[in-house]
Each structure stands twice: as structure tokens, then as C-alpha cells.
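The values are calculated or read from the model by the stated rules, or taken from the named source; none is laboratory data. Everything quoted here is computed from the prediction, not taken from an experiment. Positions of Cβ are backbone-derived with ideal geometry, glycine not excepted, and every protein chain shown enters the neighbour counts. We work out accessible area using only protein heavy atoms, side chains counted, and drop any ligands, DNA or RNA first. Shrake-Rupley method; radii C 1.70, N 1.55, O 1.52, S 1.80 Å.
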Amino acid sequence: MQQQRNYNHLLHTIDVMIEDAVSDVKQTGKKISCTKGCSHCCYLLVEISWEEALLMAEWLKAQRPKTQEKLIANIHENARLAREVFSSYKSTQKFIKPFHGDLKMPERVYGKYFYHYEIPCAFLVDGACAAYEVRPTPCRLHMVTSPANLCSRNEPDDVEGYEIPDRLEQVKEDIVPITSAFYKDGRWGQLGVMVKAALTYLEKEHQNK
Ligand code: SF4
């Protein structure tokens, strides 16, 4: 419960920083193109911390049985496909489960995940995020000022004009000390792989009670 309160506080702090940044961007005459119903970025390879995964899994366990069933099936499929992508390169096989360490995933795996596999996020339902209030920080911070169609998988990944405002890139750096104080476990990985592992962890915890 205390962890949930801390997390809610963390998310609120990050949301306020993002709002400030968005307001600064608008003052430069630019417009954030991201709107409800646009879900191109929900096909990206999203990396989250163990704590974020755990809280998403806890949120999931609090949903109605039918919603849970559907989302859990999505998570299993999403994790399976992500593992397939990671298994295809020797250098990424370590990411088939929560990873502990500072290693960066190689760039080519993001392209393969997005362009070749077209894997929707497990929480993407009817074009919207079913877990919007607990969506992890990468989802909160991903905003562009370039036309939304440039984010589409139909556009080549070397297309020019795709623009994330510097001000939002700055927020990504500014939140590092705040999030590191909260993400103590150290494990991280692809969203589906992480939430699946967190669900298994919660299940074991429940059985041991
Ligand atoms: S958690 Fe929500 S916002 Fe983030 S990628 Fe998944 S569906 Fe999209």
C-alpha cells in the first residue's frame, strides 16, 4: 500500500514535469501531435522497470475477471512474441526474461520488433490504453511534434522529420534521479515479458500465504 502511494506520488510528479514541458513546447509555437486514438507508439518496444511491471500486474489483478482474462492472454502472447524477437539475435537472448544490468538493447532489435513483427502492446484494446492510469513512464514521455503519420509503421524508420521536442528529452533526463530512487530492484525489460514475470511472482506470493 505504501509502495502504491509512493508510486502514485512519483507518477504525479512526472506528469507535472511533462505538463510544464508541454506548455513550454506550445509557447514555441509547436504542437504536440499525440492525441487519443493515435496508438502508433503502442507498437514500440517499451522497456519498463520491475516496480512498474509489479504495479501494472497488481492493477490487472484488481480488474474484473473478464478484463483480467483478456489482458492476461494478451500479455502471454505479447511476451511470447517479444521472446521470439530476442531469441533471434545472440546479443538479445538475455532479454527473454527480466534483465539485471546496465546493458542497452541493440538498436536493430527495436526496428525488427516494430516493423517486422508489428506487435501491439498487451494493454492496447480497441486502439486505446486499457491501463492508462498506470501506464509506465516511457508511455507518458513519448510525445512528438512531427505529424502523427510519421510515427506509423508504414513509414520507413529512416524517415526525416520525426521529432521529439528537446524539452521532453530533457524531462527524460531530469526524472532519472527520481525514478532511480523508486526503482530499487534493478531488473528491467520489455513490457510484456516484465508484466508476465510480475504476474507469476504475485501468484507465487499468493500461494505462499
Ligand atoms: S501501456 Fe498503454 S500507453 Fe503504454 S504502450 Fe501499452 S497500451 Fe500504449
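For the reader, a short list of remarks on this structure follows.
- Reachable lysines from residue 66, criterion Cα separation under 22 angstrom, eight or more residues apart if same chain: 196, 204
- A viscosity of 0.890 mPa s and a temperature of 25 °C, combined with the Kirkwood radius over Cα pairs in Stokes-Einstein, give a translational diffusion coefficient for segment 1-123 of 144 µm²/s.
- Gaussian network model of the chain, Cα within-10 Å springs - most flexible of 28, 92, 179: 28
- Shape call, segment 57-109: gyration tensor on alpha carbons, a/c limit 1.5: prolate
- Order of exposure, largest accessible area first, which applies to 40, 206 with probe 1.4 Å: 206, 40
- Proximal aspartates and glutamates relative to residue 61, as straight alpha-carbon distance under 19 Å, when same-chain residues fewer than 8 apart are discounted: 51, 52, 69, 77, 133, 203, 205
- The label-point distance for residue 203 and residue 12, in a model that sets each label 7 Å from Cα toward Cβ, rounds to 3.5 nm.
- Taking only the Cα atoms of the chain, the ratio Rg/Rh comes out at 0.95, with Rh defined as the Kirkwood radius.
- Sorting 94, 209, 66 on solvent-accessible area from highest to lowest, probe radius 1.4 Å, gives 209, 66, 94.
- Annotation: extensible slack from residue 3 through residue 181 equals 62.9 nm (criterion: 0.36 nm per residue apart, minus Cα-Cα distance).
- Over all directions, the projected convex hull of the C-alpha atoms in segment 26-98 averages 7.6 nm² in area.
- Among 50, 59, 188, the residue with the largest mean-square fluctuation in a Gaussian network model of the chain, with springs joining Cα atoms closer than 10 Å, is 59.
- When +1 charges are put on Lys and Arg Cβ atoms and -1 charges on Asp and Glu Cβ atoms, the dipole computed for segment 2-207 relative to its Cα centre reaches about 660 debye.
- Listed by chain and number, the lysines whose C-alpha is less than 21 Å from the C-alpha of residue 172, apart from same-chain residues fewer than 8 away, are 26, 30, 31, 104, 184.
- Accessible surface of segment 1-131, 1.4 Å probe, proportion on carbon and sulfur as whole %: 53
- Gain on full extension, evaluated as 0.36 nm per residue between residue 128 and residue 90 minus their Cα-Cα distance, stands at 10.3 nm.
- Across segment 2-207, the relative contact order, built from alpha-carbon pairs under 8 Å that are at least six residues apart, equals 41 percent.
- Near the amide H of residue 187, within less than 5 Å, lie the amide hydrogens of 50, all on another chain or at least 5 residues away, with H placed in the peptide plane.
- Backbone phi angles across segment 41-56, fed through the Karplus curve with coefficients 6.51, -1.76 and 1.60 (θ = phi - 60°), yield HN-Hα couplings of 6, 7, 10, 7, 7, 9, 9, 9, 7, 4, 5, 5, 4, 4, 6, 5 Hz in residue order; Gly and Pro are listed as x.
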